[in-house]
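The values are calculated or read from the model by the stated rules, or taken from the named source; none is laboratory data. Just so we're clear, the structure is a prediction, and the values are computed from it rather than from any experiment. Using ideal geometry, Cβ is built from the backbone for each residue, glycine included, and neighbour counts are taken over all protein chains shown. What goes into the accessible areas is simple: the full protein's heavy atoms, side chains included, and nothing from ligands, DNA or RNA. Shrake-Rupley method; radii C 1.70, N 1.55, O 1.52, S 1.80 Å.
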Amino acid sequence: MNLKKYFVRALHRLQKGPGYTYKELLVWYCDNTNTHGPKRIIKEGPKKKLIWFFLTLLFASLVFWQWGILINTYLSYNVTSSLSIGFKTMKFPAVTVCNANPFKYSEVKHLLEDLDRLIEAALERILQPTPGNSTESPSPPLNLTLWYQIPLVLIDEHDKDNPIILDIFESEQTDEGNETAAGNETSGGNQTPGGNQTSRGEQTACSHQGSDNCTYRNFSSAAQAVTEWYILQSTSILSKVPLQDRIRMGYQAEDMILACLYGAEPCNYKNFTQIYHPDHGNCYIFNWGMDEEALNSSNPGAEFGLKLILDISQQDYIPYLSSAAGARLMLHQQKSFPFLKDQGIYAMAGTETSIGVLVDELERMGYPYSDCTNNGSDVPVKNLYSQYNTSYSIQACLRSCFQNHMVEICACGHYMFPLPEGVNYCNNEDNPGWAYCYFSLRSSITHRQICIDSCKETCNDTQYKMTISMADWPSEASEDWIFHILSYERDMSTNVTLDRNGIIKLNIYFQEYNYRTISESAATTIVWLLSSLGGQFGFWMGGSVLCLIEFGEIIIDSLWITIINVISWCKGLKQKRAQARYPDAPPTVSELVEAHTNLGFQHEDGGALPRGEALPPEPGTPPPNYDSLRMQPLDVLGADSDAE
């Protein structure tokens, strides 16, 4: 009932029209508000009134301008970084060790035989470009199929204005303008054959043989050109070898890991987890945390870390694939994939390498302060490294994104990255134009930017800062007995089967238990915003939150007056339309009754009844009761019409 009464009163108010105007409302606000300035506008004389009006308008504009700056600063979601140092027992990092050479040459020589003979002949032609200078006996004919797919040529730049292209396996030379691309890539290098001319090697790559759709790569050294060309060709060959065979052709843990000691506890190759890495072949991870709990370090210092002795068997390296000798190692978090090509370091043969570790923990704020992810579930790129059951990382995302584009555009996957389900690796036989497609995709800024925009950094990360020192090991005085013992332990042989060129000793330990935490915090909070807004309002106009409530009240009253005026205007417009339709006064109730009773009915003979005469009633019909035609008063406003 109270609700009905409220709406009835509201209806009365709408019918009566506004009780006050905008001017009256504004005067009331200026006279009653607690904000400084508006009172002086209505109480001072004409001159001061104008001055106070200008000052109030100016300071109100300054308040709104400052408010805009503060709100924009808050919505930019800036962060501040803080550094804190703590002390605790820490988990020892996962340690991945690999050989710089991915395969034993004795195991893959039969696969790379044609390629090796081809590169040896090419090097001989590069070093002795003049036909007939070779003193070696004639060799068996070369298989030039690989060469024609991705050729390597030299450009003689002795005359800069007229460079000459030298096809290594053809005796004739052609001008640069007559060059025809026969392969899929171009590589080159500067050298001085014979000491009296300058040559630059080039490698040409096309979408298919004889095509003009080619890409070229140039190198500053012929050594770089030969190495890159060999890696590209060996990738095509090895991509067709099954994974288990590639693992078998790599370095096995029992041959590579000669000794292991963690703190005071002995360990061996069985404490390492084997994974296959496309760049380095078989790699072995200590303390990966996949099957067992991660190990804690009991104390800082070299005596409480990990000590390894490795044999890299440098004499069995592939001569043209690995130009560096040593072990590749990386420290990383548990259950994360090791990207050694980006974050790994080398340990040199014949040395003892000591690595002191400091820990930095990074804590980033998530959305909206930064575009980071906790586990990669909100990243639109399918993580191809999830097949290793490893955690998300931005390196895994970028490589997965590139491989997905490679599969989509080139219809095959690159050998260096994991494969999506149902896709094969690229090779020259099944995919003749894959090298051109690969280099075009790798040099595409558009595709690179798509992957950068799609991938996200992790919100929490742990970084290991390393201090590296090296010394010769073993010393000349002790190398004899050390090599004897290690050879006997590995081969059960009394003969020395190891030498300085293949032995590496590693010491990995925490320098100290102090760790640094670099954390982000919001530079602006809602508390900061409210206090800053209130400070500006109070400084320029002496206002407070209650003043804002008063201002909100006047806005609501203004809207109410506007609604009342609109309804009144619509009501007046409706009345004007009714008057235009019925210019005379509307009939009364008695006239309507009389018109109803005096209808012009016809007599039986067809004549019209005279005015005021009605037809006689039918026999047996009672006469009409005209007393019941008394009209009731119209109740438009209801029983509470006097409530106003």
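Structure values in brief
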{"quantity": "Test: residue in the stretch 560-572 that is open to solvent by 80 Å² or more (accessible area, probe 1.4 Å), of a type in the set (K, R) and assigned to a helix (DSSP H, G or I)", "calculated": "yes"}
{"quantity": "Exclusive hit being out of contact with any Ser or Thr (no Cβ under 7 Å at 6 or more places or on another chain) and farther than 29 Å from A522 by Cα, set L83, L57", "calculated": "L57"}
{"quantity": "Qualifying positions in the stretch 152-171 - open to solvent by 80 Å² or more (accessible area, probe 1.4 Å) and modelled with pLDDT of 70 or more", "calculated": "H158, K160, D161, N162"}
{"quantity": "Residue selected from the stretch 19-53 under the condition touching a residue at least 40 places away in the same chain (Cβ under 8 Å) and over 30 Å from S568 (Cβ atoms), by the criterion surrounded by the fewest Cβ atoms within 10 Å (Cβ to Cβ)", "calculated": "N34"}
{"quantity": "From T56, T73, T89, T96, residue being in the same structural domain as Y262 (by the TED database) and either open to solvent by less than 70 Å² (accessible area, probe 1.4 Å) or in contact with an Asp or Glu (Cβ under 8 Å, 6 or more places away or on another chain) (or both)", "calculated": "T96"}
{"quantity": "Qualifying residues in the stretch 471-494 (those that are in contact with a Phe, Trp or Tyr (Cβ under 9 Å, 6 or more places away or on another chain) and open to solvent by 50 Å² or more (accessible area, probe 1.4 Å)) - the one modelled with the highest pLDDT", "calculated": "E479"}
{"quantity": "Answer residue from the stretch 76-111, given it is in a strand (DSSP E or B) and among the hydrophobic types (A, V, I, L, M, F, W, C) and is modelled with the lowest pLDDT among those", "calculated": "F87"}
